[in-house]
Amino acid sequence: MSHSAIPVPLVSAHLEAGPPDPGGVRAPRPRPTIPVDPAHDTEDLQLKKKTRRLGQRWAAVLLAAAPLGCGEAAPDSAFLIADERIELVDLEARLREDDPAVSLFGVGDAVWLDGGGLVVTDMRNGRVVWLTKDFGLVREVGGSGRGPGEFMSPTALERHGDALYVLDPGANRVTVLTLDGGVLETHQMKGPVSSLAVHPELGVLVGSAAFPGYYAERVTDGSETEPFAPIPEELATPERRSAIMPGDYLIATPDGAVHVLDEIGQALVSYDARGERARIRRLPEAYAASVVREREGGRKAFGEAVMGMSLLSGVSLTTDGRLLVLGHQGDIIGLVLDLSRGTATPIMEPLSGPLSWINGGVAGLYDGSTLVLARNTEILRIRTRLVEG
């Protein structure tokens, strides 16, 4: 349902080029508009006017959703685009890649600490880094290696209570740290592994290709793991079976559910604490279609190996229990999914002005007013605003 006139990038956010200096000049790009005939000011045209700023390709989704009414839950089959959007307003803090105190090289993930500080994984330096709210260095632990407290390529990061869980695909394991960086334990996975979730009852869950037909493996008592989250038949497509490493992201929510963001299927698959599937919701059709076009473009350019690329950048829990999904598609840099309402609120890329160089990130955190974006070698803290209509 998206329009072919909307340009779609052919590389993922993981491969995006570094931003120009904010002082550089970048010509504003006009937003697409929806032609309206004033002589036929029907309810349908009023809805088109209301959604004009979201871009033409989103209008079709909203028009299709109109019979349900604003605020009503979406059907099981798909999320609906909310009648609101999140805009980036002001850059409050920026940790540049050339900062002499930190110099991150490949940020993989981030979690909040009490008081607004952060912990981030630094993949290529094999370390975990603690930062203040304004991105000052507090401590770092690790270093490249396979010994206790060392990391080959730490990526996903989860906080659960007073512990930090670090996924290291390079060593195929999960390391559990104290909030001060001390090593508590490690879990060796069968792997290869790709994402991480920690559940209060189920414990450590890791996105993994170890068990065919399942999204994940779960750490059981002792050193063993078992399969978790069977892949729904309708999502077990030939495209998925041919993938080198499918881009699946796991997350646990406060209600006890476990969710898998299936990138190839463009769906959020939810499971209960027993591992039984509860629901499948597709991402909004226009957004999903853009991701599919990007994947197809990549396959034409690079061959089947593109199936190992992640075109979405991950999922994190917002402070109010929603899900932040990052993935740059057109002028959208991400979505905030409300599971109770079945809606998706788009986060808009600034198309002009001093923040127009910000076009997404590889990891993010959102508290309803502040968006933290990790952009491979730098971190941004951005004030946002919610705009209705």
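List of remarks:
- Of all residues in segment 141-166, those satisfying the criterion of being within 21 Å of Gly117 (Cβ to Cβ) and free of Cβ contacts under 8 Å to residues at least 40 places away in the same chain are Gly142, Gly149, Phe151, Gly161, Asp162, Ala163, Tyr165.
- Among the residues making up segment 256-268, those that are closer than 16 Å to Val336 by Cα, aliphatic (A, V, I, L, M) and touching a residue at least 40 places away in the same chain (Cβ under 8 Å) are Val260, Leu261, Leu268.
- Extreme residue, modelled with the lowest pLDDT, among residues of segment 331-352 that are assigned to a loop (DSSP other than H, G, I, E, B) and either crowded, with 24+ Cβ neighbours inside 10 Å or touching a Leu at 6+ places or on another chain (Cβ under 9 Å) (or both): Asp331
- When residues of segment 359-389 are limited to those that are aliphatic (A, V, I, L, M) and touching a Lys or Arg at 6+ places or on another chain (Cβ under 7 Å), the one modelled with the lowest pLDDT: Val362
- Filter result (touching a Leu at 6+ places or on another chain (Cβ under 8 Å) and in a strand (DSSP E or B)) within segment 91-106: Leu91, Ala93, Arg94, Leu95
- Which listed residue is in contact with a Lys or Arg (Cβ under 8 Å, 6 or more places away or on another chain) and of a type outside the set (Phe, Trp, Tyr), from Glu158, Glu185, Glu140: Glu140
- For segment 143-159, the set of residues classified as of a type outside the set (Phe, Trp, Tyr), at pLDDT 95 or above and assigned to a strand (DSSP E or B) consists of Leu157, Glu158, Arg159, listed by residue number.
- Of all residues in segment 236-285, those satisfying the criterion of being in a strand (DSSP E or B) and within 18 Å of Phe211 (Cβ to Cβ) are Asp248, Tyr249, Leu250, Val258, Val260, Asp262, Val269, Tyr271, Arg277.
- Close contacts from segment 169-191, counting a first residue that is free of Cβ contacts under 8 Å to residues at least 12 places away in the same chain and a second that is crowded, with 16+ Cβ neighbours inside 10 Å, with Cβ to Cβ under 8 Å and a gap of 6+ residues or different chains, come to Glu185/Thr175; Glu185/Val176.
The values are calculated or read from the model by the stated rules, or taken from the named source; none is laboratory data. Predicted model only: the values in this text are computed from it and were never measured. For neighbour counting, all protein chains shown are included, and Cβ atoms are generated from backbone atoms with ideal geometry for every residue, glycine included.
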